[in-house]
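The block underneath contains the structure these notes are about, expressed in structure tokens.
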Amino acid sequence: DAITVADLAQKLALKGGDVVKALFKMGVMATITQSIDHDTAVLVTEELGHTAVRETANDAESELLAHVEDVQGEQSQRPPVVTIMGHVDHGKTSLLDYIRRTRIATGEAGGITQHIGAYHVETPKGVISFLDTPGHAAFTSMRARGAKITDIVVLVVAADDGVMPQTVEAIQHARSAKVPLIVAINKIDKSEADPSRVKNELLTHEVVSEEFGGDTQMVELSAKTGLGVDDLLDAISLQAEVLELKAVAEGRASGTVIESSLDKGRGPVATVLVQQGQLNKGDFLVCGVEYGRVRALFDETGSQVQSAGPSIPVQVLGLSGVPDAGDDFVVVDDERLAKEVAQQREAKRRELRLVQAAGNRMEDIMAQMGGGQQLELPLVIKADVQGSVEALRQALTALSNDEIRVNIIRSGVGGITESDANAAATSKATIIGFNVRADASARKVVETCGLDLRYFSIIYDVIDQVKQVASGILGVEI
Ligand code: GDP
């Protein structure tokens with residue numbers, strides 16, 4: 001009987017922010033993504049000068065939800081899904097390639113494995129799936145969109161280089177996503193390799209190896225020679241056992257899009273990770289704002305398969321368009337429902353884009369007022385030189401007081417990148433560019449997520465504006 005504020009706004013042909021404001025005047029704190037009950041919806045509708053008519057027709061989206069909830073079979077063990085992270089050049093790609101090359105029996109497509117965004121391997125201790133896009137951008141952009149697909153992060157640290165900035169960043173990502181880490185100390189074939197130095201450096205970031213009494217498995221290996229890679233696979237299986245990963249293996253499938261593209265010959269192609277149920281050739285599905293019937297399924301060797309179960313990545317052909325990475329997919333009984341949901345979502349998405357920019361700030365403030373806590377002003381800071389980064393960090397952090405906390409969730413030297421923007425989107429942070437600009441992909445994220453991006457070249461201006469944001473919008477003097 002509940003309806004989200006965004007949905008109500010859409011039905012009333014109003015901006016989401018206007019409905020939020022009207023609710024606020026009535027003393028109801030709700031954000032655009034939150035649901036309000038039927039009576040409140042009627043009240044606010046009348047407050048806004050409309051007449052409320054109760055909808056009896058079953059909403060296609062709730063019919064879809066029933067499809068997902070309907071899948072109730074026996075839960076069984078499922079393979080872990082692993083993401084490899086680490087500092088640039090520490091060997092993420094080499095490790096993924098080594099495992100792929102030595103562990104996947106190549107199929108009919110001429111004996112070459114394909115890059116489809118993910119792959120799964122068989123080991124004596126069970127199946128393991130790997131997301132095939134190393135680096136942090138994929139992980140953060142999926143998280144920014146609310147998708148939770150990684151069960152375990154393998155953190156690659158080169159034994160001849162030690163803990164570096166992106167190593168620390170990966171630790172933070174894994175922690176905030178509450179995903180356990182396994183450390184792969186790589187390049188031990190090199191004479192300069194010093195694994196114990198790596199372990200000691202990790203200690204200072206509270207990543208403690210089992211031999212030091214901690215709970216993080218650490219494996220020494222070489223992605224070049226393959227030494228120790230089997231130990232890593234064993235460590236992953238062990239961690240997976242501890243996590244007791246389960247899913248319903250039968251019934252209608254649902255899951256997440258890992259990667260997608262438009263292929264000249266084959267049309268829209270999406271690699272999806274099945275998370276529940278079994279995806280079959282011939283199934284109807286909704287996938288983000290796209291829909292279709294599965295015309296063919298391919299595995300990572302380019303071979304056609306008839307179906308795929310939990311934690312298994314497959315390429316899907318037959319969608320109406322190219323979905324976004326991070327979109328969910330759900331199998332439905334018939335094409336009518338698939339099409340209806342996809343169309344409703346498309347309409348909703350257009351509306352949401354419009355209200356998001358206006359709603360974002362308001363939404364945060366209200367959520368915090370409702371919580372009665374210290375208000376938080378999250379910031380992402382990028383600058384041209386390290387000295388400016390430090391100066392800004394210190395000056396802005398010093399603005400915190402009892403009522404407001406300036407929280408710098410990310411900072412660094414260089415232009416504003418897509419991963420900076422994604423990090424900002426996750427925490428709805430304001431992005432500050434000091435003598436640097438956002439690149440095209442970052443600007444795209446800023447635009448679609450309605451983020452606040454500001455450029456500066458004088459430190460005093462930054463402080464001044466942050467103060468203004470705090471006092472003007474949050475109503476707090478600092
Ligand atoms: P990524 O940036 O983390 O994906 O790192 P890459 O996999 O591209 O590796 C960076 C460089 O390190 C490449 O020249 C690799 O050949 C080399 N490399 C990776 N793993 C090893 C290893 O175990 N031993 C040695 N000697 N070199 C390695």
Residue count, region 22-48 (criterion: part of a strand (DSSP E or B) and over 22 Å from Lys428 (Cα atoms)): 1
Enumeration of residues in region 258-270 that are buried (at least 24 other Cβ atoms within 10 Å of the Cβ) and not small (Gly, Ala, Ser): Ile258
Cβ pairs under 7 Å, 6+ apart, first in region 81-99 and part of a loop (DSSP other than H, G, I, E, B), second small (Gly, Ala, Ser): His90/Ala158; Gly91/Ala158; Gly91/Ala223
Selected residue (criterion: modelled with the lowest pLDDT) from residues of region 134-158 that are buried (at least 19 other Cβ atoms within 10 Å of the Cβ) and in a helix (DSSP H, G or I): Ala144
Subset of region 72-95 [within 12 Å of the ligand (Cβ to nearest atom) and under 17 Å from Ala170 (Cα atoms)]: Ile84, Met85, Gly86, His87, Val88, Asp89, His90, Gly91, Lys92, Thr93, Leu95
Test: residue in region 230-238 that is out of contact with any helix residue (DSSP H, G or I) (no Cβ under 8 Å at 6 or more places or on another chain), at pLDDT below 95 and of a type outside the set (D, E, K, R): no
Gln166 being closer than 15 Å to Arg410 by Cβ, out of contact with any helix residue (DSSP H, G or I) (no Cβ under 9 Å at 6 or more places or on another chain), polar (S, T, N, Q) and away from the ligand (no atom under 14 Å from the Cβ): no
Selection within region 183-223 - assigned to a strand (DSSP E or B) and within 16 Å of the ligand (Cβ to nearest atom): Val183, Ala184, Ile185, Asn186, Met218, Val219, Glu220
Considering residues of region 13-37 that are without any contact (Cβ under 8 Å) to a residue 60 or more places away in the chain and not aliphatic (A, V, I, L, M) only, the residue surrounded by the most Cβ atoms within 10 Å (Cβ to Cβ): Gln34
Condition broken by Val289, with the remaining ones in (1) touching a residue at least 12 places away in the same chain (Cβ under 8 Å); (2) farther than 24 Å from Thr33 by Cα satisfied: (2)
Subset tally (residues that are part of a loop (DSSP other than H, G, I, E, B), among the hydrophobic types (A, V, I, L, M, F, W, C) and touching a Leu at 6+ places or on another chain (Cβ under 8 Å)) for region 1-21: 2
Qualifying residue in region 253-261 (condition: away from the ligand (no atom under 16 Å from the Cβ) and free of Cβ contacts under 8 Å to residues at least 60 places away in the same chain): no
Count - residues of region 171-180 that are within 16 Å of the ligand (Cβ to nearest atom) and at pLDDT 90 or above: 1
Condition met for Leu131 (modelled with pLDDT of 95 or more and surrounded by 20 or more Cβ atoms within 10 Å (Cβ to Cβ)): no
Subset of region 401-425 (residues that are without any contact (Cβ under 8 Å) to a residue 40 or more places away in the chain and over 19 Å from Asp452 (Cβ atoms)): Asp402, Val413, Gly414
Of residues in region 452-472 being hydrophobic (A, V, I, L, M, F, W, C) and surrounded by 15 or more Cβ atoms within 10 Å (Cβ to Cβ), the one modelled with the highest pLDDT: Leu453
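The values are calculated or read from the model by the stated rules, or taken from the named source; none is laboratory data. The structure presented is a predicted model; accordingly, all values stated were derived computationally and were not measured. Cβ coordinates were reconstructed from backbone atoms using ideal geometry, including for glycine residues, and neighbour counts include every protein chain displayed.
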